[in-house]
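What follows is a set of notes on a single structure, which appears directly below.
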Amino acid sequence: MVKMGNPGKKLGWEIRRHFSVYLLLLIPLAYYVIFKYIPIWNGQIAFKDFMPLDGVVGSRWVGFQHFLTFFHSFYFWELLRNTLFYSFGKLLISVPAAIILSVALYECIHPRLSKIVQTLAYLPHFLSWVIMYGILLVLLAPGDGIVNDILKVLGKEPVVFLTNTKTFPWIVILSDAWKEMGWSAIIFIAALMGIDPSLYEAATVEGVSALQKVWYITLPSIRPVIVMVVLLRLGTILDAGFNQIFMIYSIPVYSVADIIDTWVYRQGLLEFQFGLATAVGIFKGVIGLFTIWVSNYMVKKAADSSLF
């Protein structure tokens, strides 16, 4: 029997006893070490004129030059505006849509219908944006797209959706909601499963309608989960969806489609300005940290519910 007074021996004994379980931790541990912790060391190239032959340590120190290059860029405010528009637009559309879907599935009295809808809502999440772009072309193509065919039947002129600066932003926001709504609803469905059924039974006895149950029981019960999801999304508020926009944007819509990540891809990677790309990444991380801290403080004061 191992003495419990020695923490080191106790830990070693626990590892030997559950060796197969701890062995499974090596995969996520290796992932975080390689892709999360090692890049922290390489993050110093944001302050250096990085040259691959000189390495991270040997490259010349330039201070905040890369940050100033980004801030003084002619497109800085346009990039920031587009990024925030898409981020907040997706937040305001996707989260309520996921909540509505989860509540509808939870309240559905037909199990088979609920499973079919749930499966169909999940499927787009597993499709890449390359495939989603193909689907959007089939739906929105100006010549033979399904939507434009319907418009022609109704006597309307066809619309060039993907190269129109007025329609493109809404296509980005709504297509993202369509793709991720089902997957995002999973966490809300799990929260709904934890609601005490006796609350609904008591409400039924009192003659409360279905909509009143949702408004006064369901939504308040999952409010902490909603707050957590929103706060976590605010932490990545400057990530507007590089893969999505990179696949569907084009030169005619650069003014409303170009975001920070696509600009970094062109300027930082295609032109091998790795220091600039890293500086923008640090800038996004700092803004995200500040946003989530301020939002968490405000929500904690107003609703007595917070992430930390």
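Observations, loosely collected:
- Verdict on V229 being in contact (Cβ under 8 Å) with a residue 12 or more places away in the chain and hydrophobic (A, V, I, L, M, F, W, C): yes
- Test: residue in region 239-249 that is in contact with a Pro (Cβ under 8 Å, 6 or more places away or on another chain), on the phi < 0 side of the Ramachandran plot and in the same structural domain as V138 (by TED's automatic domain parsing): no
- Checking K179 against (1) farther than 30 Å from V214 by Cβ; (2) among the basic types (K, R); (3) in contact with a helix residue (DSSP H, G or I) (Cβ under 8 Å, 6 or more places away or on another chain), the condition it does not meet: (1)
- Of the residues making up region 151-166, none is at pLDDT 90 or above, out of contact with any His (no Cβ under 7 Å at 6 or more places or on another chain) and under 20 Å from S128 (Cβ atoms).
- Helices (runs of 4 or more DSSP H) enclosed by region 87-191 - at least 3 residues per element that are in contact (Cβ under 8 Å) with a residue 12 or more places away in the chain: 111-122, 129-140
- Matching entry among L23, L79, L84 (being loosely packed, with under 13 Cβ neighbours inside 10 Å and part of a helix (DSSP H, G or I)): L23
- Residue within region 233-242 that is in contact with a Phe, Trp or Tyr (Cβ under 9 Å, 6 or more places away or on another chain), surrounded by 14 or more Cβ atoms within 10 Å (Cβ to Cβ) and of a type in the set (K, R) present: no
- Scope region 205-232; condition surrounded by 12 or more Cβ atoms within 10 Å (Cβ to Cβ), part of a helix (DSSP H, G or I) and among the β-branched types (V, I, T); matching residues: V214, I217, T218, V225, I226, V227, V229, V230
- Hey, L11 surrounded by 10 or more Cβ atoms within 10 Å (Cβ to Cβ), at pLDDT below 85, out of contact with any Ser or Thr (no Cβ under 9 Å at 6 or more places or on another chain) and in a helix (DSSP H, G or I) or not: yes
- Qualifying residue in region 38-55 (condition: aliphatic (A, V, I, L, M), within 17 Å of G268 (Cα to Cα), part of a loop (DSSP other than H, G, I, E, B) and touching a helix residue (DSSP H, G or I) at 6+ places or on another chain (Cβ under 7 Å)): no
The values are calculated or read from the model by the stated rules, or taken from the named source; none is laboratory data. The model shown is predicted, which means the values in this text are computed figures rather than measured ones. In this analysis, Cβ positions are derived from the backbone assuming ideal geometry, glycine residues included, and neighbour counts consider all displayed protein chains.
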